[in-house]
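Let me begin by presenting the structure, written as structure tokens, before commenting on it.
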Amino acid sequence: MLEEVSLLIPKKDTAHQVLHVGTVGSDPTDIRRLFKVWQSIEALPSDSLNIEVNFHYCNFLNHLGVAFLGGLIQWIKHRGGNVTVDWSSLQKKIHANLAQNGFLQACGQQQQPWEGNSIPYRNDTTHDANAIGDYLCSKWLGKGWVNISPGLQARITGIVAEVYLNASEHSHSPIGVFSCGQHYPKKGYLHLTVIDFGIGIAQSARTVPSNQQFSSIDALQWALQRGTSTRENEGGRGLGLHLLQDFITVNQGALYIFSNDSCVTIDNNGVNYKNTGINFSGTLVDIAIKCDESYYCLDSEAIPRTEPWF
């Protein structure tokens with residue numbers, strides 16, 4: 001169906017290309033469509049990067065689509081291109097959400113964001129550990145949507161902050177790191193997406209001499225090894241996500257990482273790696289946490305109680 005497809009179409013009798021943003025949810029096929037759009041724009045010569053963004057066929061734009069689109073616009077501009085957006089093509093509900101999460105303001109529109117179910121859109125062109133830590137604590141995991149202990153919250157936000165640090169130091173992205181999230185009350189999940197448009201985990205991991213023959217899947221497996229982290233592997237790009245993986249498993253949430261032509265999904269079905277067939281040079285991390293009545297804490301914080309803990 002056309003409304004499910006993101007298309008880049010030459011505009012008749014002009015030098016413009018029209019990017020028709022389709023409906024974007026959290027299905028892997030939606031992510032693949034975004035990567036295909038990136039691939040199409042990547043193939044354009046620098047003198048053909050006059051892009052008009054249109055939302056006529058978009059019935060829903062989730063947090064992941066917001067983070068990706070924001071990064072895509074900045075990436076086109078970095079390549080010397082020009083981007084215009086037909087804001088009148090936005091449906092009212094999507095316009096309201098983009099206003100709430102700060103995307104419209106970031107794009108120069110006179111719309112002040114407000115508190116709600118959105119985790120604000122942001123673009124970090126430099127790594128500010130304090131600002132990112134405050135964002136993760138006050139706008140994401142500390143909003144009360146997940147019943148989590150202070151200790152576990154601090155550990156998880158610290159791990160996700162390291163995802164930002166990795167992207168900043170090892171992706172070599174010239175436009176920084178993009179993120180956005182959303183609490184979906186009806187679905188009962190809290191999401192956060194972090195994306196960069198850099199060189200990808202595989203190329204970064206291969207800078208470690210012992211990793212030079214790594215495939216993209218090998219690189220993802222290496223990056224997720226317990227004990228592999230930025231601090232311990234200055235030449236590469238470990239993610240140090242083992243505690244987050246353990247929490248996701250207990251919580252019955254999900255963790256998705258797409259980089260280069262591979263992805264890994266971590267959920268209650270285990271850890272699954274596969275080749276996507278689309279070589280997106282950057283890295284996209286999406287964290288989905290189940291918002292239930294359970295109480296989650298570190299073993300060291302546990303006290304005798306009837307509720308399950310982490």
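The values are calculated or read from the model by the stated rules, or taken from the named source; none is laboratory data. Keep in mind that this is a model prediction, so the values were computed, not measured. Counting neighbours? That spans all protein chains shown, and the Cβs are built from the backbone with ideal geometry, glycine included. These area figures cover heavy atoms from the full protein model, side chains too; ligands, DNA and RNA do not enter into them. Shrake-Rupley method; radii C 1.70, N 1.55, O 1.52, S 1.80 Å.
Might you work out the accessible area of PHE258 for me, using a 1.4 Å probe with all protein chains in place, and round it to the nearest 10 Å²?
10 Å²
Using the scaling law 2.2 N^0.38 Å as the reference, what is the normalised Cα Rg of the chain?
The chain yields a ratio of 0.99.
Pop the C-beta distance of SER46 and LYS274 into the FRET formula with R0 = 25 Å and round what comes out to the nearest 0.05.
0.15
Over the chain, with the other protein chains present, what is the accessible area per residue in square angstrom, probe 1.4 angstrom?
44 Å²
Using a 7 Å offset from the Cα along the Cα-to-Cβ direction at both ARG155 and GLU169, what is the distance between the two label points in nm, to one decimal?
Once both label points are built, they end up 2.2 nm from each other.
Local charge sum around LEU69 (other residues, Cβ-Cβ under 15 Å, Lys/Arg +1, Asp/Glu -1)?
Taking every Cβ under 15 Å from that of LEU69, the sum is -1.
Using a simple spin-label model with points 7 Å from Cα along the Cα→Cβ vector, what separation in nm is obtained for ASN130 and SER294?
3.7 nm
Given a Förster distance of 35 Å, report the FRET efficiency between ASN117 and GLN212 from their Cβ-Cβ distance, rounded to the nearest 0.05.
Calculated value: 0.20.
Out of all DSSP beta bridges with both ends in the chain, state the antiparallel percent to the nearest 5.
Antiparallel bridges: around 80 percent, rounded to the nearest 5.
Ordering TYR135, TYR121 by accessible area with a probe of 1.4 Å, largest first, what comes out?
Descending accessible area places them as TYR121, TYR135.
First select every other residue whose beta carbon is under 12 angstrom from the beta carbon of LEU190; then total the charges, Lys and Arg +1, Asp and Glu -1.
Residues near LEU190 contribute +2 overall.
Net charge around ASP128, counting only other residues with Cβ within less than 12 Å of its Cβ (Lys, Arg = +1; Asp, Glu = -1)?
Within the 12 Å Cβ shell, the charges total -1.
Taking the Cα atoms of region 115-164, what is the range of coordinates along each of the three principal axes, in descending order and whole Å?
32, 25, 14 Å, listed from the longest principal axis down.
For a quick check of understanding: with a 1.4 angstrom probe and all protein chains in place, what accessible area in square angstrom does ILE217 have, to the nearest ten?
For ILE217, the solvent-accessible surface is approximately 40 Å².
Label-point separation (nm) for ASP86 and ALA302, each offset 7 Å from Cα along Cα-to-Cβ?
5.7 nm
Calculate for the chain the 222 nm mean residue ellipticity that helices alone would give, adding -39,500 (n - 2.57) per DSSP H run of length 4 or more and normalising by residue count, nearest 500 deg cm²/dmol.
That comes out to -9500 deg cm²/dmol.
When a/c reaches 1.5 or more, the comparison of a/b and b/c decides; with that in mind, is region 105-189 rounded, prolate or oblate per its Cα gyration tensor?
In terms of gyration-tensor shape, oblate.
Taking a 25 Å limit on the Cα-Cα distance, which of the listed pairs LYS36/LYS139; LYS36/LYS187; LYS92/LYS187; LYS93/LYS274; LYS77/LYS186; LYS139/LYS274 fall beyond it?
Among LYS36/LYS139; LYS36/LYS187; LYS92/LYS187; LYS93/LYS274; LYS77/LYS186; LYS139/LYS274, the Cα-Cα distance tops 25 Å for LYS36/LYS139; LYS36/LYS187; LYS93/LYS274; LYS77/LYS186; LYS139/LYS274.
Using the alpha-carbon centroid of each, what span in Å lies between region 250-294 and region 134-194?
14 Å
Keeping the other protein chains in place, figure out the carbon and sulfur percent of the accessible area of the chain, with a 1.4 Å probe.
48 percent
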